[in-house]
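Visitor: Pasting a structure below so you can have a look.
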Amino acid sequence: MDAVDPRRQVPRTDAVLADPRLQVAADRLGRDRVKRAVTDALGRVRAGELDAAAAADEAVRALPVAATSLRRVVNATGVVVHTNLGRAPLSPAARAALAEAAGYVDVEFDLADGSRARRGRGVLDALRRRVPAAEDVLVVNNGAAALVLATTALAAGREIVISRGEMVEIGDGFRLPDLIESTGARLREVGTTNRVTLDDYAAAVGPATAAVLKIHPSNFRVEGFRSEVGVAELSGLGVPVIADVGSGLLAPDAQLPDEPDVTTALRAGASLVTCSGDKLLGGPQAGVLFGRADLVAEVRRFPLARAVRVDKLTLAALEATLDGPEPPVSRYRCLDADALRARCDRVAARLPAVGATVVPSDGAVGGGGAPGVALPGWAVAVPAALAAPLRRGTPPVVGRLRDGRCLLDLRCVEPDEDDDVVAAVLAADGSTG
Ligand SMILES: *Cc1c(COP(=O)(O)O)cnc(C)c1O
């Protein structure tokens, strides 16, 4: 008779699950997740790939650190609003607000008298304080939802006049014209890709017109022979003007002279202005509508509004972003280049082992905003071969490849994370041998 291969004496799942380390992990990750890791390990024992005695060790090794697969990433790309890295990082105040709102909260409840209260009243007040030019405001799920809701509520079955130069795709294949028409408003295009005049708009406005739409083409620039018509002129056409400013700048910003802002659009006569919450505004994913009280009320009552309603976590984080300390997005884009250089020098000085140097590096606003605006700064350059191990490290560090080097731009890295960057580079270097 053949000797039984000890690896084939597969232990029982319960026996492995009794391992104290796995018991503790079950509290953190849930019993099902831990059981799956044990089952996988036992499968490998059965296949002869693993020693039976090592099953518990293997299950422990395979467990994730947290119950979510989303992981904190060190953004060393220099791109402040990085779409693939979650756009705006929240301020500490907004993070604390998220945690507070995670349980039961008085989101629609008046603690003073025990009656039902208006949902999101805190954030609405904060928005009105920041944009006094708005008669009323509404918060929805994201910028695209704000635009679709505004155009649908005001123009379903009717026409929206829009310039051909503003028929934009916002990324990942999403085209705003398709989005708007998907809910029943018809687009009436005027002008050409590069030029449109007030007369073009005036000729198109008629009894079927519900509104004129002005979309900020935020992710590209047209230079040369071009002309567009501003909100002020459009607002003289006798129909509501809806302006989608995109980025969420609430007031003019000297660093971004070409970026439209909510206050200026309202003052120029826009009836409704829409924007995102997680681009330059620096908050959680959200969309905000500002404007005339009667139109905001109409939009709020429209049935679709319920389908794009914002949750309590967003309300909490957005209010803390507006009322709390300056959010990281604003701090990062205004960072002083000399201060960045000093940090890069200190980090590079600790990395002679990989031949780190300090090189000029322009950061970018990102998120499809302010194309062509460079944010002058510096980066630590390390060998390109470290890019992959840096990405796979703990925490993952994401840099940018340029001229055969991996650039680690510290603009969007908090100073107290510089140590993490140094440790990550040394670990990555160790892993490549
Ligand atoms: C980003 C953007 C949107 C979409 O906003 P989301 O928050 O991504 O849904 C719409 N319009 C403009 C002009 C934008 O820049």
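The values are calculated or read from the model by the stated rules, or taken from the named source; none is laboratory data. Predicted, not measured: the structure shown is a model, and the values here were computed from it. Using ideal geometry, Cβ is built from the backbone for each residue, glycine included, and neighbour counts are taken over all protein chains shown. Keep in mind that these areas ignore ligands, DNA and RNA; they rest on the heavy atoms of the full protein, side chains included. Shrake-Rupley method; radii C 1.70, N 1.55, O 1.52, S 1.80 Å.
Visitor: What trypsin sites (Lys or Arg not before Pro) in segment 74-163 are in a loop by DSSP, with at most 11 other Cβ atoms within 10 Å of the Cβ?
Guide: Within segment 74-163, the qualifying trypsin sites (Lys or Arg not before Pro) (loop, at most 11 other Cβ atoms within 10 Å) are R118.
Visitor: If you stretched the chain out fully between L426 and A353, how much longer would it get, using 0.36 nm times the residue separation minus the C-alpha to C-alpha distance?
Guide: Extra length from L426 to A353 when fully extended: 25.5 nm.
Visitor: Let me ask something additional. Expressed as a whole percentage, what fraction of the accessible surface of the chain belongs to carbon and sulfur atoms when a 1.4 Å probe is rolled over the protein heavy atoms?
Guide: Here carbon and sulfur together make up 53 percent of the probe-accessible area.
Visitor: E166 accessible area, nearest 10 Å², 1.4 Å probe?
Guide: The accessible area comes out at roughly 10 Å².
Visitor: When the chain is modelled as a GNM with alpha-carbon springs shorter than 10 Å, which of D294, D336, D14 fluctuates the most?
Guide: Answer for the Gaussian network model of the chain: D14.
Visitor: On to the next question. What's the FRET efficiency of N194 with R402 using the Cβ-Cβ distance as r and R₀ = 30 Å, to the nearest 0.05?
Guide: Rounded to the nearest 0.05, the efficiency is 0.40.
Visitor: Calculate one ³J(HN,Hα) per residue across segment 359-369 by plugging θ = phi - 60° into the Karplus curve 6.51 cos²θ - 1.76 cosθ + 1.60, and present them in order as whole Hz with x for glycine and proline.
Guide: So the J values, rounded to whole Hz, are 10, x, 8, 7, x, 9, 5, x, x, x, x.
Visitor: Starting at the first residue of segment 95-103, write each ³J(HN,Hα) from the Karplus equation 6.51 cos²θ - 1.76 cosθ + 1.60 with θ = phi - 60°, in whole Hz, x for Gly and Pro.
Guide: Running phi through 6.51 cos²θ - 1.76 cosθ + 1.60 with θ = phi - 60° gives 5, 5, 5, 4, 5, 5, 7, 5, x Hz.
Visitor: Within 12 Å, Cβ to Cβ, of R309, how many net charges do the neighbouring residues add up to if Lys/Arg are +1 and Asp/Glu are -1?
Guide: Surrounding charge for R309 is +2.
Visitor: Related question: Amide H of V358: which non-local residues (sequence gap of 5 or more, or other chain) have their own amide H closer than 5 Å, using H built in the peptide plane?
Guide: For V358, the qualifying residues are A381.
Visitor: Determine Rg/Rh for segment 296-433; Rg is computed over alpha-carbon atoms and Rh is the Kirkwood hydrodynamic estimate from the same atoms.
Guide: 1.13
Visitor: Another question about this same structure. Any idea how far apart E233 and F220 come out in nm if each label point goes 7 Å out from Cα toward Cβ?
Guide: Result for the modelled spin labels: 2.3 nm.
Visitor: Can you work out ³J(HN,Hα) from phi for every residue in segment 250-256, in order, using Karplus 6.51 cos²θ - 1.76 cosθ + 1.60 and θ = phi - 60°, giving whole Hz and x for Gly and Pro?
Guide: In residue order, the calculated couplings are 8, 9, x, 10, 4, 5, 10 Hz.
Visitor: Could you tell me what a quarter of the Cα convex hull surface of segment 88-218 works out to, in nm² with one decimal place?
Guide: 11.7 nm²
Visitor: Additional query: Quick one: accessible area per residue over the chain, 1.4 Å probe, rounded to a whole number of Å²?
Guide: So the chain comes to 48 Å² accessible per residue, rounded to a whole number.
Visitor: If I take all pairs of Cα atoms in segment 1-107, what percentage of them are more than 23 Å from each other?
Guide: Every Cα pair in segment 1-107 considered, those over 23 Å come to 52 percent.
Visitor: Quick check: residue separation of N84 and L179 times 0.36 nm, minus the Cα distance between them. What number comes out in nm?
Guide: Extending this stretch completely gives an extra 32.0 nm.
Visitor: If you average 1/r across every pair of different Cα atoms in segment 171-255 and take the reciprocal, what Kirkwood value do you get, in Å?
Guide: Every distinct Cα pair counted, the radius reaches 14.6 Å.
Visitor: How much accessible surface does F109 have with a 1.4 Å probe, in Å² rounded to 10?
Guide: Answer for F109: close to 90 Å² accessible.
Visitor: Please give the contour-minus-distance gain from A67 to D32: 0.36 nm per residue of separation, less the Cα-Cα distance, rounded to one decimal in nm.
Guide: Fully extending the segment from A67 to D32 adds 11.5 nm.
Visitor: Would you kindly give the portion of the calculated P(r) for the chain that falls above 41 Å, as a percent of all Cα pairs?
Guide: 33 percent
Visitor: Assuming R0 = 41 Å, can you tell me the calculated FRET efficiency for the pair F109 and D51, based on Cβ-Cβ distance, to the nearest 0.05?
Guide: Efficiency at R0 = 41 Å is approximately 0.10.
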